[in-house]
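Following: one structure in structure tokens, then a few remarks.
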Amino acid sequence: MKVLITGGAGFIGSNFVRYLINSRRNIEIINFDSLTYAGNPESLADIADNPRYKFVRGDITDKDAVNGVFGERLDALVNFAAETHVDRSIEDASPFVRTNIMGTQTLLDAAKRFKLAKFVQISTDEVYGSAPAGESFTEETTLDPRSPYAASKASADHFVSAYANTYGLPAVVLRCTNNYGPYQFPEKLIPLMIANAREDKSLPIYGDGMQERDWLFVEDYCSAIGLALEKAAPGAIYNVSAGTPQPNLKIVRTILQHLGKPESLMQYVKDRPGHDRRYALDSSKIQRELGWSAAVPFEEGIRRTIDWYQNNSAWLDHARSGEYRNYYDRHYVRRTETFSR
Ligand code: NAD
Ligand code: DAU
């Protein structure tokens, strides 16, 4: 089986490439990635020379490049490629519209033209919006995206459904909660807090820090995607989550405890505009139909994640150089300057 993985140099994509190479001997992978600031070939250095793995640098909005790679007789596609950071989408939504919507449409057109047997779209829980306390969204919940990022992902989901309905495209959509683990770009909450705490820098907590996220260890998500790739029926939509939403403050305190750092490093800063208060998904459908379940408890996953960043400081330092510094200064200096609690 030959699988095209788009965005495979990013956080979840690189973990999934490694998971497939190591767990499925019959699968060949083409990783198609434009290497934006979030894409990093170093994340796959250990499998770069594997004969079942090939990297192609390309942009999913580039029709010719996409048609070129589809010419390699693909059996399936898993689309991870996206602009993914909510705060960046609030600064400028244009790259999100371009990659997340237009890029997905370019892939859908190629899939239709080349009669691809399976198209797996990696969506997000954010398409449902903020979940009221005590409630978990199902696959039937009406989409209610509330950030520019979420709106672009919801739009892509609608395009996938429209192509399935109109052209019979065999597509599957996965909507997952927040992932954490090795190789996550340090603009996201968990690696950012680990990186800052290691250097005794302040940890920026947006608003009151009581927003809830339902963290899933990335290896658990990889096993869900693997099952969906092999077993999900065309047209299926699956939510994926650990089912244990936790407030941000609790996550940050856990990181500080593991690193032996004081809580005085926490700094409350101006809240994210339009900040979704709570994400929570009901993932009983994928458990029932595909036999998936999360295997890594949060306490184990966060320990493994912190250890990984401690042991891979070169990867972290590289990720935090260059463009990251500009983003960090632009984003966080402004946040703290304009905030008083
Ligand atoms: P990431 O930001 O770490 O990586 C994105 C990858 O896509 C990078 O390698 C980047 O170079 C590539 N890319 C971006 N634009 C591209 C383009 N135009 N053409 C080709 N490649 C391009 O992202 P991630 O956190 O690994 O997320 C992967 C997918 O999972 C995304 O679709 C995201 O919406 C979804 N998702 C992420 C999470 C999470 O917690 N990280 C949770 C739910 C869903
Ligand atoms: O829910 C799935 C989504 O999870 C994915 O679709 C997105 O691609 C991914 O970025 C993530 O979105 P979030 O906005 O939830 O993740 P982030 O790591 O940016 O923030 C997690 C929470 O932590 C959120 O409530 C905002 C808060 N936060 C974040 C940062 C970066 C802080 O308090 N301080 C920070 O510095």
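Residue separation of Lys2 and Glu72 scaled by 0.36 nm, minus their Cα-Cα distance, works out to 24.3 nm of gained length.
By accessible area, using a 1.4 Å probe on protein heavy atoms only, region 99-248 has 51% of its surface on carbon and sulfur.
Test of understanding: extend the Cα→C-beta vector of Arg303 to 7 Å, then name every residue of region 235-258 with backbone N under 18 Å from that spot. What the label zone holds, given the 18 Å backbone N cut-off, is 251-258. With the simple spin-label model, which puts each label point 7 Å out from Cα in the Cβ direction, the Glu91 to His158 separation comes to 2.7 nm. Computed from the C-beta positions of Asn311 and Asn50 and an R0 of 30 Å, the FRET efficiency is 0.85 to the nearest 0.05.
The stretch between Glu289 and Lys115 holds 60.1 nm of extra length on full extension. This uses 0.36 nm per residue minus the Cα-Cα distance. Straight-line reach from Lys118: which lysines have Cα under 21 Å away, leaving out those fewer than 8 places along the same chain? Filter leaves Lys2, Lys54, Lys63, Lys153, Lys231, Lys285. Counted residue by residue at 0.36 nm each, then reduced by the alpha carbon distance between them, the extension gain from Thr142 to Arg330 reaches 64.2 nm. Dipole magnitude for region 207-249: computed about the Cα centre from +1 point charges on Lys and Arg Cβ and -1 point charges on Asp and Glu Cβ, it is near 140 debye. Diffusion of the chain by Stokes-Einstein, at 25 °C in a medium of 0.890 mPa s and with Rh set to the Kirkwood radius over alpha-carbon pairs, works out to 120 µm²/s. Rounded to the nearest 20 debye, the dipole magnitude of the chain is 260 debye, with +1 charges on Lys and Arg beta carbons, -1 on Asp and Glu beta carbons, and the Cα centre as origin. Of the DSSP beta bridges with both residues in the chain, give the percent that are antiparallel, rounding to the nearest 5. In the chain, approximately 5 percent of DSSP beta bridges are antiparallel ones. What region 185-313 shows is 39 Å² of accessible area per residue, with the surface traced by a 1.4 Å probe over protein heavy atoms.
Between 0 and 90 degrees, the angle of helix 248-259 with respect to the longest Cα principal axis of the chain falls at about 80 degrees. Using a cut-off of under 16 Å, list every residue of region 46-68 whose amide N is near the label point 7 Å from the Cα of Arg24 along the Cα-to-beta-carbon line. From region 46-68, the list is 52-54.
The values are calculated or read from the model by the stated rules, or taken from the named source; none is laboratory data. Just so it is clear, the structure is predicted and the values come from calculations on it, not from any experiment. All Cβ positions, even for glycine, are placed from backbone atoms using ideal geometry, and neighbour counts span all protein chains on display. Ligands, DNA and RNA are stripped out before the accessible areas are found, and what is left, the full protein with its side chains, is counted by its heavy atoms. Shrake-Rupley method; radii C 1.70, N 1.55, O 1.52, S 1.80 Å.
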